[in-house]
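Everything below concerns the one structure shown next.
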Amino acid sequence: MRMYDIILKKRNGGELTKEEIEFVVNGYTKGEIPDYQVSALLMAIYFQKMNKRETADLTMAMVNSGEVVDLSAIEGIKVDKHSTGGVGDTTTLVLGPMVAAAGAPVAKMSGRGLGHTGGTLDKLESIKGLSIEMPKEKFIENVNKVKLAVAGQTANLAPADKKLYALRDVTATVDNISLIASSIMSKKIAAGADAIVLDVKTGAGAFMKTLDDSFALAKEMVDIGTNVGRNTIAIVSDMDEPLGFAVGNALEVKEAIDTLKGKGPKDLYELCMTLGSYMLILAKKADNVETAREILEDTIRTGAALNKFKEFVAAQGGDPEVIDNPELLPKAEHIIEFKAEESGYVNKIVAIEVGLAALVLGAGRETKESQIDLAVGVVLNKKVGDYVEKGEPLAYIHVNDMSKLKDCEERLKRAFQVTKEKPEHRPLIFGVVT
Ligand code: URA
Ligand code: CA
């Protein structure tokens, strides 16, 4: 087999065989096929697309490029949740404890943030002492005991995807439905979950900006999961404006704690209820969304979910005091008001700009090596549809290094749009794909 022929075939609109796809994935992972040939193939795929069979074969070739985690020592149906990436998306920190408190095991392997999207691991590390590094035995033991554990992805999970994603990132070939679907699903399948709930984001802060593309991506991923025997459901949810109010690591942990106390932002709470309901259904802890929702609401009302969060924090070496007293979380030195320049209705809050505003303060990583400042970020004071008076704060900037304030404010100016007319209501959840 020759790489040249495979590139030519795809360039001319042909369909790649399973053997050809495996040849590319294995050869590239081992370093036998150079970047320039794989780049050319990725661009050909970008324009000529792949069909469902090719996408499924690509997914499994990437799964088999590394370790497939065996979670069979954990009792019960392990349901994983994955979001395609958003701004201020604190759902994992709320869902984990809720679903675990409802009796379903949550064995979560999470990532770190890169660019304008945050990562669960970084957020959790703002809790003093908490460690996300542990041997596999300890991870499994914690899930069996607490029903919830969160760890970093092992280095050898879908290594082909790691290399391909890095190459796509620099060759303008990220936003192709087959490539995104296979990338995400290869990691989920390799991580060993029995069932998967996907939160596909749509809008200005998401990879997929239109509803059609978002539903197509959702369907592609659900089909891949189902084809390999993992029950998969996808929700298409809004990422035009950030989720909740807080964007930034410790700030989002506080928001998650508030939500577990029943005092969180409405959109974050609603999305968690929806995602959590499908997690409980796939875990066979509920028959339908109505029952599932009642169970989840109970975990909030009785304090069971909040206690579960405490139990989880303690089991991973963190200080559980933080949950009763979020004042113990890292705090920024300054809180600066970002004020409205005119009165009117908030018409838009462009999620990606808010993400970048938090990034320039140090809440995210510009490169993989960047150090994160866990305390800083942006807390919205208004959401889309709210009325604001001139001079009233639209957001609060939590900042340590004041030399970064101006850049942050410039970003926020681009994020907020205030108009005289009240904007049309935009739904939070656009649909469910099964
Ligand atoms: N997230 C991934 O893991 N892969 C993609 O291709 C896009 C988003
Ligand atoms: Ca948030």
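Nothing in this text is a laboratory measurement; each read-out follows from the coordinates by a stated rule. All values derive from a computational prediction rather than experimental measurement. A quick note on method: Cβ atoms are made from the backbone with ideal geometry, for glycine too, and the neighbour counts reach across all protein chains shown.
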**Q.** Rh by Kirkwood over Cα pairs, then Stokes-Einstein D for region 355-434 at 0.692 mPa s and 37 °C, µm²/s
**A.** 223 µm²/s
Q: With label points built 7 Å along Cα→Cβ from the Cα atoms of His334 and Arg301, find their separation and express it in nm.
A: 4.6 nm
Q. Using 1/(1 + (r/R0)^6) with R0 = 41 angstrom and r between the beta carbons of Gln417 and Asn26, what's the FRET efficiency to the nearest 0.05?
A. 0.25
Q. Using 17 Å as the cut-off for backbone N distance, which residues of region 166-183 belong to the label zone defined by a point 7 Å from the Cα of Asp35 along Cα→Cβ?
A. 166-174
**Q.** region 86-164: GluC sites (Glu not before Pro) in DSSP coil with no more than 15 other Cβ atoms inside 10 Å
**A.** Glu133
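At a Förster distance of 25 Å, what's the computed FRET efficiency of Lys138 paired with Glu369, Cβ-Cβ distance as r, to 0.05?
Details: r = 28 Å, r/R0 = 1.11.
For R0 = 25 Å, the calculated efficiency reads 0.35.
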(Q) Along the charge dipole of the chain, pointing to its positive end and built from +1/-1 on Cβ of Lys, Arg, Asp and Glu, which listed residue (Thr232, Ile429, Gly86) has its Cα farthest out? (A) Thr232
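So what's region 185-291 giving for Rg/Rh, alpha carbon basis, Kirkwood Rh from the mean inverse pair distance?
My calculation of the ratio gives 0.99.
Treating only the Cβ of Lys, Arg, Asp and Glu as charged (+1, +1, -1, -1), what charge dipole size does the chain show about its Cα centre? Round to the nearest 20 debye. It would help to have the intermediate numbers written out before the result.
Values: 54 positive and 63 negative charges, 98 e Å.
My answer is approximately 460 debye.
How big is the chain by the Kirkwood estimate over distinct Cα pairs, in Å? List each step's numbers first, then the result.
Working: mean 1/r = 0.0448 Å⁻¹.
Final number for the Kirkwood radius of the chain is 22.3 Å.
Below 8 Å between Cα atoms, with a sequence gap of 6+, how large is the relative contact order for region 312-434 in percent? Don't skip to the end; give the middle numbers.
Numbers: 210 pairs, mean separation 43.2, N = 123.
Contact order relative to length: 35 percent.
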Q: Could you work out which residue, out of Ala415, Ala172, Ala160, moves most in a Gaussian network model of the chain, that is, has the largest mean-square fluctuation with Cα springs under 10 Å?
A: Ala172
Q: At 7 Å along the Cα-to-beta-carbon direction for both Tyr387 and Arg293, put a label point, then send me their distance in nm to one decimal.
A: 3.0 nm
Q) Angle, helix 177-190 long axis vs. longest principal axis of the chain, Cα atoms, 0 to 90°, nearest 10? A) 90 degrees
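Scan region 16-68 for GluC sites (Glu not before Pro) in coil per DSSP, keeping those whose Cβ has at most 13 other Cβ atoms within 10 Å, and list them by number. Please list the in-between numbers first.
Details: sites: Glu19, Glu20, Glu22, Glu32, Glu54, Glu67; in loops: Glu32, Glu67.
Within region 16-68, the qualifying GluC sites (Glu not before Pro) (loop, at most 13 other Cβ atoms within 10 Å) are Glu32.
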**Q.** Two-decimal Rg/Rh across region 293-434, once Rg and the Kirkwood Rh are taken from alpha-carbon atoms
**A.** 1.04
Q: Name the long-range amide H neighbours of Lys78: under 5 Å, sequence gap of 5 or more, or other chain; modelled H, no Pro or chain starts.
A: Asp194, Ala195
Q) Which whole-number percent gives the relative contact order of the chain, counting Cα pairs below 8 Å spaced six or more residues apart? A) 19 percent
(Q) Just to confirm the number: angle between the C-alpha axis of helix 266-282 and the first principal axis of the chain, 0 to 90 degrees, nearest 10? (A) 40 degrees
Q: For region 140-219 and region 388-414, compute the distance between their C-alpha centroids and round to whole Å.
A: 32 Å
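Suppose we keep just the DSSP beta bridges with both residues in the chain; what percent of those would be antiparallel, to 5? Can you show the working numbers first?
On the way: 23 of 42 bridges.
Rounded to the nearest five, the antiparallel share is 55 percent.
Filter the GluC sites (Glu not before Pro) in region 318-402 to those in DSSP coil with at most 13 other Cβ atoms within 10 Å of their Cβ, and list the result. Numbers along the way, then the final one.
Details: sites: Glu321, Glu327, Glu333, Glu337, Glu341, Glu342, Glu353, Glu366, Glu369, Glu389; in loops: Glu333, Glu341, Glu342, Glu366, Glu369, Glu389.
Hits after loop and neighbour filter: Glu333, Glu341, Glu342, Glu366, Glu369, Glu389.
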Q: As a check on your grasp of the helix formula, calculate [θ] at 222 nm for the chain: sum -39500 (n - 2.57) over DSSP H runs of n ≥ 4, divide by the residue count, round to the nearest 500.
A: -14000 deg cm²/dmol
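I'd like the FRET efficiency for Gln48 and His425, computed as 1/(1 + (r/R0)^6) with the beta carbon distance as r and R0 of 35 Å, rounded to 0.05. List each step's numbers first, then the result.
Numbers: r = 39 Å, r/R0 = 1.12.
Calculated transfer efficiency: 0.35.
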Q.
Can you compute log10 of I(q)/I(0) for region 110-201 with the Debye formula, treating each Cα as one identical point scatterer, at q = 0.14, 0.16 Å⁻¹?
A. -0.63, -0.82
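Which value, in debye to the nearest 20, gives the size of the charge dipole of region 386-434 about its Cα centre, when Lys and Arg are +1 and Asp and Glu are -1 at the Cβ? The partial results should precede the final answer.
Values: 9 positive and 9 negative charges, 28 e Å.
So the magnitude is around 140 debye.
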